[in-house]
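This is the structure, below, for whatever I ask next.
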2 protein chains.
Amino acid sequence: MEIKRFTSYKAYEKLSHLSQSPIDLTVGDVVNADRIEKYKVSQNGFDYLFATQRIDDQILAELQNLADEARVVEQFMAMKQGESINCIEGWESENRQVLHTACRDIFRAIPSAPEATETAKKELNTLERFLADLDSGVFVNEKGEKFDTMVQVGIGGSDLGPRALYLALKNYLLEGREVRFIANVDPDDVAEVLADINLETTLVNVVSKSGSTLETLTNESLVRSVFQGAGLDPALHFIAVTGEGSPMDDSSRYLATFHMYDYIGGRYSVTSMVGAVSLAFGLGFDNFKELLRGANDMDLAAESRDMQSNLSLLTAMIGIWNRNFLGHETVAVLPYSQPLSRFTAHLQQCDMESNGKSVGRNGDLVDWKTGPIIWGEPGTNGQHAFYQLLHQGTTVVPVEFIGFRSNVYDLDININGTTSRQKLVANMLAQSLAFAIGKKDSNPNKNFGGNRPGSVLLGERLTPYSMGGLLALYENKIAMQGFCWGVNSFDQEGVQLGKVLAGRLLDLMVKAEEGSECMASEISLEESLLRAAKIL
Amino acid sequence: MEIKRFTSYKAYEKLSHLSQSPIDLTVGDVVNADRIEKYKVSQNGFDYLFATQRIDDQILAELQNLADEARVVEQFMAMKQGESINCIEGWESENRQVLHTACRDIFRAIPSAPEATETAKKELNTLERFLADLDSGVFVNEKGEKFDTMVQVGIGGSDLGPRALYLALKNYLLEGREVRFIANVDPDDVAEVLADINLETTLVNVVSKSGSTLETLTNESLVRSVFQGAGLDPALHFIAVTGEGSPMDDSSRYLATFHMYDYIGGRYSVTSMVGAVSLAFGLGFDNFKELLRGANDMDLAAESRDMQSNLSLLTAMIGIWNRNFLGHETVAVLPYSQPLSRFTAHLQQCDMESNGKSVGRNGDLVDWKTGPIIWGEPGTNGQHAFYQLLHQGTTVVPVEFIGFRSNVYDLDININGTTSRQKLVANMLAQSLAFAIGKKDSNPNKNFGGNRPGSVLLGERLTPYSMGGLLALYENKIAMQGFCWGVNSFDQEGVQLGKVLAGRLLDLMVKAEEGSECMASEISLEESLLRAAKIL
């Protein structure tokens, strides 16, 4: 499929023109009941309210044209069907398929990518048997006790997504079960987690696709040494998730091994074995399958070319309006849901590693803006932290609110006629309005400029099914934005240079400890940095 | 003190000119051993390496001139000495002193603001006695047992700073002690925390300066109801930190009450009773005092007008260079230290709520950029998440690395000749270099543009003393930037509108439940929003 330049599309030109005088949301009753009802899409259990974006019918029509011209949904379909889209034409690149969607396309007789789905089903079956064996006592510890804790050792995609979803769905935890995560090569991370759990009844789940991630292998060794120091046999406690044939794919070292494949990128791997093992251990296999069902249903809805019936596409294109036409560099993702406290951190990776690119899939440098900076914290906490800048600062930040009408736990209290849940949702809706319409005041310090765009995504309750839908919605949105910009959202060459330089610094440290001294005249840049930092 | 317009300073004009061709860090050996050694300041146990900023001697000289012209340090001194700088001239405003520094100025015979320091000392004495009474069993639970857990209920400044510092210093925890935090009005937050602790041996520390914070009062009621439901007497378990004379300042409802004062802003309140009670309960009174000592020593160093001997001022002015002259909208604060995992979230409030302003202290609208967006996650985790965009994205993000040469726990492992700590520090230093110098590659996808500014702040070890220094360094930096921009960094009028609108939505919800229906013709904007959200 030929990839055109983003700025070459006819709709690009029209949107550029329209962006010179976007609708003023602060004037009169521009934001009124009709507008609120009109700019609302309900799909897959979510209501998306976007009347508080700086859009109108004409802009929406041109965004649809842009999506059509860029063949966003066709590219999405090609992805799902296994085209090798992870590539840069004319240059050495990963040259792989992108098939994370196949991991959850397990509910239909004829999935989009039958082979990858077949493989995913086999892994799920293996996992289901393994979990049953844990339940029935086939696998037990040195004392014959069952395991109740899993520590996932992984970093980046092998950490953020599984961790965010585990925290989101903790209320579904099986009785007595717990999952913990170790990511950072900072040994203080390992120390704190291990001090907090009973090693004897703990399984350690080491997750690395390549089987060669520095942090993960280092932490695995450190955790193994602690187990051995406690008289525990790692062979009874360690399991692995890794690529088939990777250096870690060694069944003699692990109680069990689960596989992921090179067509699943780390940041899109939550619904593969990378997330499956810990989540299904903690929440139960059936709950994990519900998560897959929610994700798959969202993937299916994402196949529509009509923005009005495709939330993934609609949110993608509104994001492009804010990024490329209104010129906003960042997006704040603000879940009004404490269980989603780490979901923004997951999206930060998924989005920024995917679309923080300067080269098109055709090998040309882009001369348009690509992925924004994603940041945010849960509401209402953020209201008491950084909302001051969002309301009155000199930089405009588009906001994406996420909320639910019901609690996940049964605890609540009615004070002054409303529950805490009602207060939470009322605050979210109020903020969306406040950002958009502002408030005039003669005191300049009490004046609110408004016209700060935002939208609200509202679900009934945070469940495995809705969590799966929310995850897939954002994954698809991100991929679709990449398709529209014409970048490869599935590689990450930008992480290489730091690795190389870190390797050089570590070599110098080793040499210094071996006592091999350099001549003063030979001091390299790296060496001088280590000396200035008082490391050498 | 007259506040001039930021753009009226002579140095502003010169810096604007210099910013048109800032030093190119990617050319030849511009970043070399000499430069690294030259752009380094060592102070209060920290080494600050800033050779990887896009600065040179001329720029530094003009930044010093700018600081002098704006009388940044004079304003800082006026703040410390109790001038009423929390105001907007000619308009209704808080009109208060700003004296958080007085809370830690307790080590000198003649402090900068004697009265406020005397008050702070009294509160510290009260706290010390209370903690001794807990130790000796004067205050015990219904069964005569001692308390081992404290739950801090607060939000914003009554949560983020104390939480961040507690996590940072957890290795100093007194045997058996634990502190937990509840902030969000989401009742699921309360449910998860309370499910995890033994209520019988728990003290609940309710923190609200105004004594009227919606979230905190709601959560207090919810937690009280859970205690009562468990047959526990809140009068034996609840303590308070609040302003003298606030609605919460009612000794009949609390086992003990500690005070803060209107001259201490929430986001600057960690070293007041807001942080003191929980931190001293968890880490011990002496460790909290060491934290105060570290903060105070940094405050004293901040009194120098010379950037080269004043890290607070130097980092403030480099931040202004990046924000106003190089035009960067965000700053990533990246601690290579897992214990500092929430320090960036604290700074996000401290910085964005302070300087996310559009009005000068003289009441004029600003026509220059003020506070940036602060975001970030710990390294090396971030390297596997969002660094792709930092290296190769279309938006440049200045980065602030923070790291330490030693672990806080004793656990570590040597693999391939280096410890995990060495790997952590090597990665941080390598990244600072990689962002600055980049790497040319004929494959455009493997090309690194460089010239992405950053700096490294390196300490020996994270201790109460160094944590205090780090906290004060950033507090002072933020205040000094505000002084330079001429804004009031100590109010937060931008949070009001959302509160008002949320109140209206809650009123509508109450009315709806009472059954008082509106006529269709009278439907308000707020009501239509609630209907669209399926709340009404």
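Just so you know, all these numbers are worked out from the coordinates, no wet-lab data involved. Note that the structure is a prediction, hence the values are computed from the model and not measured. Positions of Cβ are generated from backbone atoms using ideal geometry, with glycine treated the same way; all protein chains shown enter the neighbour counts.
Can you give the FRET efficiency to the nearest 0.05 for A:Val138 and A:Ser225, using r as the Cβ-Cβ distance and R₀ = 30 Å? Display every interim value, and only then the final one.
Working: r = 27 Å, r/R0 = 0.91.
Once the sixth-power term is evaluated, E becomes 0.65.
Now for a different question. Between B:Glu244 and B:Ser84, what length in nm is gained on full extension when 0.36 nm per residue of separation is reduced by their alpha carbon distance? Numbers along the way, then the final one.
On the way: separation 160, 0.36 × 160 = 57.60 nm, distance 1.92 nm.
Working it through step by step, the gained length comes to 55.7 nm.
How long, wide and thick is segment A:1-74, going by the Cα atoms along their three principal axes, in whole angstroms, largest first?
43, 34, 11
At A:Asp507, label 7 Å along Cα→Cβ: distances to the other copies, nm, ascending?
Those separations, rounded to one decimal, come out as 7.0 nm.
While we're looking at this one, here's another question. ³J(HN,Hα) across segment A:116-121 via Karplus (A = 6.51, B = -1.76, C = 1.60, θ = phi - 60°), whole Hz, x for Gly/Pro?
The phi angles translate into 5, 5, 4, 4, 4, 4 Hz.
State the extension gain, in nm to one decimal, for the chain segment bounded by B:Lys440 and B:Asn95, taking 0.36 nm per residue of separation less the distance between their alpha-carbons. Could you put the intermediate results ahead of the total?
Details: separation 345, 0.36 × 345 = 124.20 nm, distance 5.44 nm.
So the extension gain works out to 118.8 nm.
Under 18 Å from a label point 7 Å along Cα→Cβ of B:Gln58: give me every residue in segment B:23-48 with its amide N that close.
It comes to B:23-27, B:30-31, nothing else.
Take the cross-link list A:Lys170/B:Lys170; A:Lys14/A:Lys80; B:Lys121/B:Lys289; A:Lys10/A:Lys369; A:Lys439/B:Lys209; A:Lys534/B:Lys38 and give me the ones stretching past 20 Å between alpha-carbons. Each step should come with its number before you reach the end.
Values: A:Lys170/B:Lys170 24 Å; A:Lys14/A:Lys80 31 Å; B:Lys121/B:Lys289 11 Å; A:Lys10/A:Lys369 17 Å; A:Lys439/B:Lys209 27 Å; A:Lys534/B:Lys38 14 Å.
Going by Cα-Cα distance, A:Lys170/B:Lys170; A:Lys14/A:Lys80; A:Lys439/B:Lys209 fall outside the 20 Å limit.
Another question, then. How far, in degrees from 0 to 90, does helix A:285-301 lean away from the longest principal axis of the Cα atoms of chain A, to the nearest 10?
That works out to roughly 40 degrees.
Could you pull the copy-to-copy label distances for B:Asp249, with points set 7 Å along Cα to Cβ, in nm to one decimal and sorted shortest first?
6.9
Going by C-beta contacts inside 10 Å, put A:His259, B:His346 in order with the fewest on the left.
Least to most surrounded, the residues fall as A:His259, B:His346.
Here is a follow-up. Over chain B, how many percent of alpha carbon pairs lie in each 10 Å bin up to the one with the longest distance?
3, 17, 26, 25, 18, 9, 2, 0
Collect residues whose amide H, placed 1.01 Å from N in the peptide plane, falls under 5 Å from the amide H of B:Phe258; neighbours closer than 5 in sequence don't count.
B:Ala240, B:Val241, B:Thr242
Fewest to most neighbouring Cβ within 10 Å: what's the order for A:Glu128, A:Glu220?
A:Glu128, A:Glu220
From the phi of every residue in segment B:237-248, what ³J(HN,Hα) in whole Hz does the Karplus formula 6.51 cos²θ - 1.76 cosθ + 1.60 yield, where θ is phi - 60° and glycine or proline is x?
10, 9, 10, 9, 10, 7, x, 4, x, 6, x, 8
In angstroms, what radius of gyration and Dmax does segment A:346-408 have, counting Cα atoms only?
Both quantities, over Cα of segment A:346-408: 16.0, 48 Å.
Run down the aspartates and glutamates and flag those whose C-alpha is under 16 Å from the C-alpha of A:Lys446, throwing out any fewer than 8 positions away in its chain.
Partners within reach: B:Glu89, B:Glu92, B:Glu94, B:Glu353, B:Asp364, B:Asp491, B:Glu493.
Residues with amide H under 5 Å of A:Gly360's amide H, sequence separation 5 or more or different chain, H placed in the peptide plane at 1.01 Å from N; which?
A:Leu365, A:Val366
Quick one: order B:Cys484, A:Cys87 by neighbouring beta-carbon count within 10 Å, fewest to most. Mind showing how you got there, number by number?
Values: B:Cys484 27, A:Cys87 19.
Final ranking by Cβ density, sparse to dense: A:Cys87, B:Cys484.
Once the Cα gyration tensor of segment B:293-338 is found, what semi-axes does its equivalent ellipsoid get, as square roots of 5 times the eigenvalues, in whole Å, sorted largest first?
23, 17, 7
Could you grab the Rg to Rh ratio for segment A:104-293? Cα atoms only, Kirkwood for Rh. List each step's numbers first, then the result.
Numbers: Rg = 15.6 Å, Rh = 16.6 Å.
Value, to two decimals: 0.94.
Something else: Using Cα centres only, tell me the gap between segment B:54-119 and segment B:128-142 in whole Å.
About 38 Å separates the Cα centre of segment B:54-119 from the one of segment B:128-142.
Here's something else I'd like to know. Put a label point 7 Å from Cα along the Cβ direction on A:Gln20, then list its distances to the equivalent points in the other copies in nm, shortest first.
The answer, with the shortest distance listed first, is 2.7 nm.
Name the long-range amide H neighbours of B:Asn205: under 5 Å, sequence gap of 5 or more, or other chain; modelled H, no Pro or chain starts.
Answer set, sorted by chain and number: B:Val151, B:Gln152, B:Val153, B:Ile239.
What are the extents of the Cα atoms of the protein assembly as shown along their three principal axes, in Å, largest first?
88, 77, 69
For segment B:366-437, go through all pairs of different Cα atoms, get the mean of 1/r, take its inverse, and jot down that Kirkwood value in Å. Don't skip to the answer; put the middle values down first.
Details: mean 1/r = 0.0693 Å⁻¹.
By the Kirkwood definition, the hydrodynamic radius is 14.4 Å.
Evaluate peptide B:42-52: per residue, the Cβ atoms of other protein chains within 10 Å of its Cβ; return the mean as an integer. Mind dumping the intermediate values first?
Working: counts 2, 0, 0, 0, 0, 3, 0, 3, 0, 3, 1.
That average works out to 1.
Between chains A and B there is a rotation axis; tell me the chain A residue with the nearest beta carbon and how many whole Å away it sits.
Result for the A and B rotation: A:Trp375, 2.
While we're here: Along its principal axes, what span do the Cα atoms of segment B:316-456 show, with the longest given first and each in whole Å?
60, 44, 22
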